[in-house]
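The values are calculated or read from the model by the stated rules, or taken from the named source; none is laboratory data. Everything numeric in this text was worked out from a predicted model, so none of it was measured. No Cβ is skipped: glycine too gets one built from the backbone with ideal geometry, and neighbour counts run over all protein chains shown.
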Amino acid sequence: MMKKLVVITGASSGIGMELANRFHAEGHPVLLLARRKELMEELGLSNCICKSVDVTDYQAMEQAIREAEQQYGETDLLINCAGIMLLGRPTTQAFEEWERMIDVNVKGILTGTHVVLPDMVKRNGGTILNISSIAGRKTFPNHSVYCGSKFAVHAITESMRKEVSDHNVRILVIAPGVVETPLLSHTTDEGLKTGYEHWKESIESGLDVKQIADCALFAYHMPQEVSIREIVIAKTKQAD
């Protein structure tokens, strides 16, 4: 018997791609959403729909989710994993980079949530999992607007969680420290990128994406009446 539909944004690389593989391996049909459709299709997953979608585009998100639901049934789990990190000094960073982080990291968790949450409330079940960052709990140099976007993810998650808790809907957040993903590649300041890489070497690399997926599966597999509200995970040697 096929399990329930899982929708994953940011599924073309890093944590999102690992989550796609893991939930598919457990027998879930999956809707994979990202800009780079070809990378998702290369996974070769069965019971899978891949869509090239900008997570800030509400109409495109709604159309993709409804199409998947027509084929596989209601969305039981939405994982908002799409994100962008552009390190920069606040006095010199381009405004366009600030704007892009706010759009993708904040608006990007709202589009899919707006599509699936009313249905989850009506049926008294369902889970939304937001992949945030430890930068949503504390600040770091050259991360100011990135931190702001991730603090927003935590605030939105916690506030929405309270509002729908009496309908047995779970809204959760995972906040990883540094993870081995292509996230840093988005940064345009080469000096900051080099410094970040040197820091990563000092803690003997970041977390493996498999470890973040382990957390997601652990939280999801809890009975619906149990909400693992927040998981913060980092390398032991990452002091901050």
key: Residue among 83, 16 that alone is within 17 Å of the chain's Cα centre (by Cα) and assigned to a helix (DSSP H, G or I)   = 16
key: Residue within the stretch 189-200 that is at pLDDT 95 or above and over 13 Å from the mean Cα position of the chain (by Cα) present   = no
query = So which residues in the stretch 113-130 are touching a Leu at 6+ places or on another chain (Cβ under 9 Å), in a helix (DSSP H, G or I) and among the β-branched types (Val, Ile, Thr), if there are any at all?
reply = 113, 115, 116
remark   = residue 89 meets each of (1) basic (Lys, Arg); (2) without any contact (Cβ under 8 Å) to a residue 24 or more places away in the chain; (3) part of a loop (DSSP other than H, G, I, E, B) with one exception, condition (2)
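Scan the stretch 218-240 for residues that are surrounded by fewer than 13 Cβ atoms within 10 Å (Cβ to Cβ) and either over 13 Å from residue 134 (Cβ atoms) or β-branched (Val, Ile, Thr) (or both) and jot them down.
Of everything in the stretch 218-240, those that are surrounded by fewer than 13 Cβ atoms within 10 Å (Cβ to Cβ) and either over 13 Å from residue 134 (Cβ atoms) or β-branched (Val, Ile, Thr) (or both) turn out to be 218, 221, 223, 225, 226, 236, 237.
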inquiry  = Between 110, 39, 43, which is over 23 Å from residue 174 (Cα atoms), touching a helix residue (DSSP H, G or I) at 6+ places or on another chain (Cβ under 9 Å) and in a helix (DSSP H, G or I)?
reply    = 39
ask   = Do the conditions hold for residue 102, that is, is it aliphatic (A, V, I, L, M) and closer than 30 Å to residue 191 by Cβ?
value = yes
note = Those residues of the stretch 206-240 which are among the aliphatic types (A, V, I, L, M), touching a strand residue (DSSP E or B) at 6+ places or on another chain (Cβ under 7 Å) and not in a loop (DSSP other than H, G, I, E, B) amount to 207, 209, 212, 216, 219, 231, 232, 233
key: Only one of 220, 196 that is of a type in the set (Ser, Thr, Tyr), in contact (Cβ under 8 Å) with a residue 60 or more places away in the chain and more than 26 Å from residue 161 (Cβ to Cβ)   = 196
note = Among residues of the stretch 112-158 being in contact with a strand residue (DSSP E or B) (Cβ under 9 Å, 6 or more places away or on another chain) and among the hydroxyl-bearing types (Ser, Thr, Tyr), the residue farthest from residue 209 (Cα to Cα) is 113
ask   = Where residues in the stretch 161-204 are of a type in the set (D, E, K, R), outside any helix (DSSP H, G or I) and touching a strand residue (DSSP E or B) at 6+ places or on another chain (Cβ under 9 Å), which of them is farthest from residue 14 (Cα to Cα)?
value = 170
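Of the residues 95, 140, which single one is hydrophobic (A, V, I, L, M, F, W, C), modelled with pLDDT under 95, over 24 Å from residue 3 (Cα atoms) and surrounded by fewer than 20 Cβ atoms within 10 Å (Cβ to Cβ)?
After applying the criteria, what remains is 140.
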